[in-house]
Amino acid sequence: MTTKVLFEPFKIKSVEPIRTTTQSERRALLENANYNPFLLAADDVMIDLLTDSGTGAMSAAQWAAVMTGDESYAGSRSYYAFRDAVRDIFTLPEVIPTHQGRAAEHLLFSQVCKKGDLVPNNTHFDTTRANLECCGVEALDLIIEEGKDPYSQHPFKGNMDLVALADVLEKEKDRIPFVIITITNNSAGGQPVSMENVVGVKRLVEPYGIPLFIDSARFAENSYFIKTRESGYKNKSTLEIARELFSHADGALMSCKKDGMANIGGFLAVRDPELAAKLRDTLILTEGFPTYGGLAGRDLAALSLGLYEALEEDYLRYRIRTVAYMATKLLEQGVPIVEPPGGHAIYIDAGRLLSHLGPEAFPGQSLVCALYLVGGIRAVEVGSVMFGSQDEQGNPIYAPNELVRLAFPRRVYTQSHFDYVVEILTQIAEKADQLPGLDISYQPRFLRHFTSHFQPRHAFQNENQLCLEPS
Ligand SMILES: Cc1ncc(COP(=O)(O)O)c(C=O)c1O
């Protein structure tokens with residue numbers, strides 16, 4: 001029997017209240033946060049779609065594992081459970097836990113890269129790029145052309161451009177310590193990468209002896225897209241698909257705050273025992289002893305279950321359908337989004353919705369502020385605030401697209417929360433041409449979207465225009 005409604009495949013055992021705020025409260029709170037929702041207190045947010053990182057709900061089984069986690073400094077039982085789960089799913093024997101994904105990035109890059117190197121990736125996530133650049137490495141994005149077009153319906157828009165990669169490998173092989181492929185491709189809309197593409201990348205790097213690393217934060221969502229979109233995988237389980245994916249990799253970096261289904265954690269896993277020994281030496285200096293790597297035993301215990309829970313197909317079906325449901329509703333209301341929707345988020349095309357604003361006025365940041373003002377919803381700009389920079393003459397370089405990401409925390413919100421978000425966005429879209437541009441009044445040296453301050457170019461809203469109290 002098939003039904004139109006697909007319900008959340010879980011029951012709620014423990015709840016957290018959401019504090020409702022009024023628009024006038026939020027206006028003062030946003031001004032106080034210098035028009036950067038990262039600087040708001042989370043208690044002042046009603047629906048928090050800032051990120052899907054570390055914001056998921058753990059299962060009853062995971063909480064039970066937390067209680068039996070082994071906090072031994074060395075050789076903890078929980079480490080072995082975690083290591084065995086990673087070995088089983090990712091097929092990589094040397095497992096090095098870290099407190100989160102960027103610690104794994106820093107560990108690998110600081111040990112393997114040197115100044116002047118070049119690292120190709122389908123698209124570097126912002127911390128990956130920043131950690132490479134911090135080591136003096138050029139981070140090169142080589143996504144396929146369809147991945148740059150928000151409206152292309154290509155089923156694997158996250159793929160690496162194999163022709164461009166072959167060219168770079170031939171010309172720059174001596175500068176390339178490894179190639180990374182990010183699944184799903186977060187910075188390019190959470191779009192998946194096909195098995196065929198991963199195999200293609202491996203075939204290109206192998207003759208040069210260049211290792212392939214997979215940035216695996218959303219490996220389970222990517223495996224589900226392969227199952228449902230790539231021919232030959234319909235009858236394979238997502239676990240089998242994940243194993244096959246990683247069998248082509250020499251190493252994996254993972255932020256377990258996503259498809260680890262836990263609130264903290266990460267790892268670096270490799271095949272080469274000599275490289276692993278070198279990495280563990282440094283790990284002791286920075287993260288901790290190699291069997292805990294900056295995590296508590298209870299975190300490792302929760303992750304050893306979470307990595308499998310993320311691969312459960314009922315869960316993945318619900319997860320991917322939830323994002324698609326919201327995408328359909330927004331498109332029906334004329335809100336432009338990146339199509340088809342990816343695995344963990346909806347990306348609104350703020351450049352198109354706020355077409356009266358050029359990139360120098362940061363349309364994405366304006367939309368992010370409006371979402372908070374009108375509905376108490378927190379989202380993140382993924383455009384020229386996040387990716388903008390300057391050339392050597394000091395001229396601004398803008399991002400290719402001005403997007404706003406609504407990320408979906410795992411197992412946290414239900415359909416009515418998403419219906420509310422659609423309603424608020426519909427109200428904003430009707431008056432999008434009245435939203436002001438913003439200027440940056442303060443910015444830090446790295447990763448400016450986290451802590452920059454902004455000033456709107458004119459009053460953000462006026463009582464009769466954008467003041468729409470949520471009903
Ligand atoms: C693809 C990807 N790589 C790396 C990271 C960094 O991980 P963390 O936030 O755990 O440091 C993230 C985080 O969002 C990510 O999405």
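Along the charge dipole of segment 38-118, which of Gln111, Ala64, Ser78 sits closest to the positive end, that is, farthest toward it, with unit charges on the beta carbon of Lys, Arg, Asp and Glu (+1, +1, -1, -1)?
Projecting each Cα onto the dipole axis, the largest value belongs to Gln111.
Which of rounded, prolate or oblate describes segment 1-79 when judged by the alpha-carbon gyration tensor and an a/c cut-off of 1.5?
On the way: a/c = 2.91, a/b = 1.40, b/c = 2.07.
Since a/c reaches 1.5 but b/c is at least a/b, the shape of segment 1-79 is classed as oblate.
In segment 120-149, which residues have a backbone nitrogen under 14 Å from the label point lying 7 Å from Lys114's Cα in the Cα-to-Cβ direction?
Of the residues in segment 120-149, 136-137 have backbone N under 14 Å from the label point off Lys114.
Please report, in whole Å³, the volume per residue of the convex hull around the C-alpha atoms of segment 99-152.
Enclosed volume per residue, from the Cα hull, is 76 Å³.
Taking Cα centroids, how far is segment 217-247 from segment 31-64 in Å?
The two parts, judged by their Cα centres, are 29 Å apart.
Can you give the longest stretch of the chain with no exposed loop site, where a site means chymotrypsin sites (Phe, Trp or Tyr not before Pro) in a DSSP loop (not H, G, I, E or B) with at most 16 other C-beta atoms within 10 Å?
In short, 152-397.
Roughly speaking, what is the centre-to-centre gap between segment 167-216 and segment 322-359 when only Cα atoms are used, to the nearest Å?
Here the answer is 28 Å between Cα centres.
Counting every Cα pair in segment 333-412, what percent are over 19 Å apart? Display every interim value, and only then the final one.
On the way: 1200 of 3160 pairs.
Result: 38 percent of Cα pairs exceed 19 Å.
How much net charge surrounds Leu169 when only other residues with a Cβ under 13 Å from its Cβ are counted (Lys, Arg +1; Asp, Glu -1)?
Once all neighbours under 13 Å are counted, the net charge is -1.
Counting Lys and Arg as +1 and Asp and Glu as -1, what is the net charge of the other residues whose Cβ lies under 14 Å from the Cβ of Val15?
Spelling it out: positives minus negatives among the neighbours equals +2.
If DNA, RNA and ligands are ignored and the probe is 1.4 Å, what is the ranking of His248, His449 by accessible area, most exposed first? Don't skip to the answer; put the middle values down first.
On the way: His248 40, His449 10 Å².
Final ranking, largest accessible area leading: His248, His449.
For the chain, which longest stretch is free of loop sites, where a loop site is one of the GluC sites (Glu not before Pro) that DSSP puts outside H, G, I, E and B and that has at most 13 other Cβ atoms within 10 Å?
Here the longest run is 72-391.
Got a sec to turn the phi values of segment 218-223 into Karplus ³J(HN,Hα) couplings, 6.51 cos²θ - 1.76 cosθ + 1.60 with θ = phi - 60°, whole Hz, x for Gly and Pro?
10, 5, 6, 4, 4, 5
In whole angstrom, and with the biggest value first, how far do the Cα coordinates of segment 322-471 range along each principal axis?
That works out to 48, 37, 24 Å along the principal axes.
For segment 372-435, how big is the tail of P(r) above 14 Å, as a whole percent of Cα pairs?
69
Given 0.36 nm per residue, what is the gain on full extension from His356 to Ser14 after removing their alpha carbon distance, in nm?
That works out to 118.6 nm of additional length.
Note down the relative contact order for segment 245-399 as a percent, whole number, built from C-alpha pairs under 8 angstrom at least six residues apart. Intermediate values should be presented prior to the final figure.
Numbers: 150 pairs, mean separation 17.8, N = 155.
Answer for segment 245-399 is 11 percent.
Antiparallel DSSP bridges in the chain: what percent, to the nearest 5? Walk me through the intermediate numbers first.
Details: 27 of 40 bridges.
Among the beta bridges of the chain, antiparallel pairing accounts for roughly 70 percent.
Kindly state, as a whole number, the per residue volume in cubic angstrom of the convex hull around the alpha carbon atoms of segment 181-310. Can you show the working numbers first?
Details: hull volume 15.1 nm³, N = 130.
So the per-residue hull volume is 116 Å³.
Please turn the phi angles of segment 343-353 into ³J(HN,Hα) values with the Karplus equation 6.51 cos²θ - 1.76 cosθ + 1.60 (θ = phi - 60°), one per residue in order, whole Hz, x for glycine and proline.
x, 10, 6, 9, 10, 8, 7, 5, x, 7, 5
For segment 1-152, just say rounded, prolate or oblate: build the C-alpha gyration tensor, square-root its eigenvalues into a ≥ b ≥ c, call rounded for a/c under 1.5, and beyond that prolate if a/b exceeds b/c, oblate if not.
Oblate, because a/c is 1.5 or more while a/b does not exceed b/c.
Roll a 1.4 Å probe over the protein chains and send me the accessible area per residue for the chain in Å².
Details: 19640 Å² over 471 residues.
With all protein chains present, the chain gives 42 Å² per residue.
Given a 1.4 angstrom probe, I'd like the percentage of the accessible area of the chain that is carbon and sulfur, rounded to a whole number.
Accessible surface attributable to carbon and sulfur in the chain totals 52 percent.
For segment 159-225, state the semi-axes of the equivalent ellipsoid (square roots of 5 times the eigenvalues of the alpha-carbon gyration tensor), sorted largest first and rounded to whole angstrom.
Numbers: eigenvalues 99, 23, 23 Å².
Semi-axes, largest first: 22, 11, 11 Å.
Give me the net charge for the shell around Leu118: Cβ to Cβ below 9 angstrom, other residues only, Lys and Arg +1, Asp and Glu -1.
In short, -2.
Over the chain, consider all pairs of different Cα atoms and compute the Kirkwood hydrodynamic radius from their mean reciprocal separation; express it in Å, one decimal.
22.9
The values are calculated or read from the model by the stated rules, or taken from the named source; none is laboratory data. As the structure is a computational prediction, the values presented were derived from the model and not from experiment. Note that each Cβ is placed from the backbone with ideal geometry, even for glycine, and that neighbours are counted across all protein chains shown. With ligands, DNA and RNA removed, areas are computed over all heavy atoms of the protein, side chains included. Shrake-Rupley method; radii C 1.70, N 1.55, O 1.52, S 1.80 Å.
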